[in-house]
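Each reported figure results from applying straightforward, stated rules to the coordinates on display, with no laboratory input. Nothing here was measured: the structure is a model prediction, and the numbers come from that model. So basically every Cβ, Gly included, is an ideal-geometry build from the backbone, and we count neighbours across all protein chains shown.
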Amino acid sequence: MNNFTDLSLSAVLKRNLAAHGFENPTPVQAAAIPAALERRDVVATSQTGSGKTMAFVLPMLSQLLEPPVAAGVQAVILTPTRELAIQIHEVFGKLAAGTPVKAAVVVGGLNENSQLQNIRRGAQVLIATPGRLNDFLERRLVKLGKVHLLVLDEADRMLDMGFLPTITRIIEATPEARQTLFFSATIEKSVAHLIDKHLKDPVRVSIGSATKPAADVDLHLYEVDKTRKHDLLRALLHREQGSFLVFARTKHGAERLAKRLATEGVKATAIHGDRTQNQRNRALKGFQVGDYRVLVATDVAARGIHVDDIAHVVNFDLPQVPEDFIHRVGRTGRAGRRGVASTFATREERSEIRRIERALTLTLARQTEPAAAPEAVILPVAAKAWTPSST
Ligand code: AMP
């Protein structure tokens, strides 16, 4: 399949794809969509940024649009974080425009009444994090007895977060005759077990290596003293163009770094677990539309940030585990564009770097520090560059 028009999708879906400029499926879409349309179970290992969201949203919509279109929950997408759920909902909104199919986002940290209202109004699709959906199930606020399509998105991450018992309860609340689409960056033992237990003769789709960053990301390494990291970041901001997603190890570190950049005139904001959902949404939206050039994030908060055109990912602090390196770096170089990922490491962290390189069988290109940013070049503080966490 080279073009979406080759698929037997309804006219409205084809129109919506064209309206958003989607012409050619990505490899994971080309492999997974035809199998999903045939109602087969699918297990796909593919990298972040590979287009997996449309790989499950398109066949889901296609099935739900088959007449007669009925109200009530028939499909569930389980995903690890609120941010991912919201971004899946955005993709859903684009593709479902002009159709009677509606989705309800069911996630913790946001008001449950409006979520319940959307369900009661007849939403056919739930885009949910496991905790909140399970809570609704236990309180008998939602029924999953008519679900015929279940999507597990970023399954490995959900298991890492300790959601196995919750996911199992949700799966068991759906009919056994359902179709299951399963997406995971890695297939470790616990993931394989979940697949064996709940999927039926799945079609396996493996795109590229799940343990390697996309080929179109340049991986740079700067050995730098801890006290000089900030200056190095400023020098890169001065030398390079485009937006920066910067990873810090702690919530406090992320907050401090964004604040300091903002006082230096860089349009920067932060996203981490101590900020409210509204603050996170505002920060993410502001970064998406270019109000902020820099978004500083922790690993957990950054799960599922889908922003096109992130030119530069910076590992200001090293990730805790090599897999997080892949997830971080996967935020740039998306959908065929080139990106740069710069890792800052101190001399003492050399062994950590070697561990990452060995685990991922890659070599980071050692760089020398660019010239320091002149003080005056960074623009004066913009009023909206920082949203205080007290708002
Ligand atoms: P995902 O892996 O679902 O997060 O998608 C990564 C990015 O690729 C998103 O920004 C999508 O808008 C974009 N994308 C997904 N499918 C396509 C496609 N067929 N053509 C062009 N861009 C796409």
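So the values come out like this:
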| quantity | calculated |
| --- | --- |
| Which of T263, T53, T361 has the fewest Cβ neighbours within 10 Å, and the rest in rising order | T361, T263, T53 |
| Percentage, to the nearest whole number, of Cα pairs in the range 4-207 over 29 Å apart | 16 |
| The range 36-130: GluC sites (Glu not before Pro) in DSSP loop, at most 16 other beta carbons within 10 Å | E38 |
| Spatial separation of Cα centroids for the range 79-111 and the range 134-212, in angstrom | 18 |
| Helix axis angle, 82-96 relative to the chain longest principal axis, alpha carbon, degrees | 60 |
| Between the range 223-271 and the range 1-70, the alpha-carbon center distance in angstrom | 38 |
| Nearest-ten-degree value, helix 251-263 long axis tilted from longest Cα axis of the chain | 60 |
| Neighbourhood charge, 10 Å Cβ-Cβ cut-off, centred on V73 and excluding it, Lys, Arg +1 and Asp, Glu -1 | +2 |
| Qualifying GluC sites (Glu not before Pro) for the range 137-188 [loop in DSSP, other Cβ within 10 Å: at most 11] | E176 |
| Using distinct alpha-carbon pairs, which all enter the 1/r mean, Kirkwood radius of the range 1-105 in Å | 14.2 |
| 5 angstrom amide H check on T343, placed H, neighbours 5+ away | H220, L221, Y222, N315 |
| Anisotropy class of the range 130-181 from Cα gyration tensor, a/c 1.5 cut | oblate |
| Reachable aspartates and glutamates from K14, criterion Cα separation under 20 angstrom, eight or more residues apart if same chain | D6, E23, E38, E66, E90 |
| Charge context of S190, other residues only, Cβ under 15 angstrom, K/R +1, D/E -1 | -3 |
| Residues I86, I195, I77 arranged by fewest to most Cβ contacts within 10 Å | I195, I86, I77 |
| Of K102/K146; K229/K259; K52/K146; K102/K200; K52/K143, those spanning more than 21 Å from alpha-carbon to alpha-carbon | K52/K146; K102/K200; K52/K143 |
| Shape call, the chain: gyration tensor on alpha carbons, a/c limit 1.5 | prolate |
| Under-5 Å amide H pairs with V205, H placed in peptide plane, nonlocal only | V43, A44, T45 |
| Three-way shape label, the range 145-206, alpha-carbon gyration tensor, a/c 1.5 | oblate |
| Value of [θ]222 nm, deg cm²/dmol, for the chain, DSSP H segments ≥ 4, -39500 (n - 2.57) each, nearest 500 | -11500 deg cm²/dmol |
| 10 Å Cβ shell holding at most 15 others, DSSP loop, trypsin sites (Lys or Arg not before Pro): longest site-free stretch of the chain | 250-336 |
